[in-house]
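Here's the structure we're looking at; comments come further down.
The values are calculated or read from the model by the stated rules, or taken from the named source; none is laboratory data. Here the structure is a predicted model, which is why all the values come from computation and not from measurement. Glycine gets a Cβ as well: all are built from the backbone with ideal geometry, and neighbour counts include every protein chain shown.
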Amino acid sequence: MKILLSAILFSFLTSGCTKQQPMPIEPVIDRTKASPNGEGNFTYLALGDSYTIGESVKRAESFPYQLQSLLKAQGSSVANPKIIAVTGWTTDELQGAIKKENLTGSYSFVTLLIGVNNQYRGYPINTYKKEFTELLQTAIAFAGGNKNKVFVVSIPDWGTTPFGKSSGRTPQTIANEIDSFNTVNQEITLSAGVNYTDITPASRNAETDLSLVASDGLHPSAKMYTEWATALLSKVAKVLK
């Protein structure tokens, strides 16, 4: 049953390159407008997919909210993150959602984590390269044009999770594809002079440590999200000083 329910977390699509609409068993979670920003001296925009909204964990346990809490503990008053992310989103879907938001102004810092669903659906990596490049430039624009205030997070490896092991794909195949997508987003990020945080190697510890996996058998647990937030903490704190 867990495997059946976790199917919502990705789109049940063919592995070919032709785009199809997601077919979730249950409605996907959309927390884009779930909570208005609380008061704070700094503002935070988080762009992504299920890994950004924190699928299968409490909102406070997602990495953007944990990062906010850690920054507050260090004396940086950060408002509740503005999150544009939905489970199952690919790069083009994130682009479309950003346009619909009609955001104005800029943010103190921005995080970007996107691409796992491009990989899962078998979308062309060249398409990902183009759309990720555009999304990165969008993120920089939302950071007031300051590339130092943008933080890209690598795609975790879901192949080591219980869901991944029962997906019909070998963990090595998934790992190789994830690495290919991360090679692309890392090269683009570093070439643009933007900070890159590689959480992928640590995400593979889920193979032997199930406490890093949420109850759905696929997404990160609060414990893993803590690792991500901690990895970002000093980098973000530096630009907020």
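Quick check on this structure: which one of 138, 90 is within 21 Å of residue 203 (Cα to Cα), hydroxyl-bearing (Ser, Thr, Tyr) and in contact (Cβ under 8 Å) with a residue 24 or more places away in the chain?
Just one listed residue meets the conditions, 90.
Of the numbered conditions (1) more than 17 Å from residue 51 (Cα to Cα); (2) of a type outside the set (S, T, N, Q); (3) surrounded by fewer than 22 Cβ atoms within 10 Å (Cβ to Cβ); (4) out of contact with any strand residue (DSSP E or B) (no Cβ under 9 Å at 6 or more places or on another chain), residue 103 satisfies every one except a single condition; which is it?
Just one mismatch for residue 103, condition (4).
Any chance the range 182-205 includes a residue that's polar (S, T, N, Q), assigned to a loop (DSSP other than H, G, I, E, B) and closer than 18 Å to residue 61 by Cβ?
The answer is no, given that none of the residues of the range 182-205 is polar (S, T, N, Q), assigned to a loop (DSSP other than H, G, I, E, B) and closer than 18 Å to residue 61 by Cβ.
If residue 106 satisfies all but one of (1) assigned to a helix (DSSP H, G or I); (2) out of contact with any Ser or Thr (no Cβ under 6 Å at 6 or more places or on another chain), what's the number of the condition it fails?
(1)
Among the residues of the range 146-181 satisfying the criterion of being of a type in the set (Ser, Thr, Tyr) and part of a helix (DSSP H, G or I), which is nearest to residue 118 (Cα to Cα)?
It comes out as 180.
Of the residues 73, 79, 60, only one is within 25 Å of residue 216 (Cβ to Cβ), of a type outside the set (Lys, Arg) and more than 10 Å from the chain's Cα centre (by Cα); which?
60
Check whether at least one residue in the range 72-81 is more than 16 Å from residue 49 (Cα to Cα), assigned to a helix (DSSP H, G or I) and of a type in the set (A, V, I, L, M), and report yes or no.
yes
Any residue in the range 194-208 that is crowded, with 20+ Cβ neighbours inside 10 Å, among the small types (Gly, Ala, Ser), farther than 27 Å from residue 75 by Cα and more than 14 Å from the chain's Cα centre (by Cα)?
Yes, that holds for at least one residue.
List every residue pair whose Cβ atoms lie under 7 Å apart, where the two residues are 6 or more positions apart in sequence or sit on different chains, the first residue falls within the range 47-66 and is more than 16 Å from residue 232 (Cβ to Cβ) and in contact (Cβ under 8 Å) with a residue 40 or more places away in the chain, and the second residue, located anywhere, is assigned to a loop (DSSP other than H, G, I, E, B) and acidic (Asp, Glu).
Listed pairs, sorted by first residue: 56/216.
Confirm whether residue 45 is aliphatic (A, V, I, L, M), outside any loop (DSSP other than H, G, I, E, B) and at pLDDT below 95.
no
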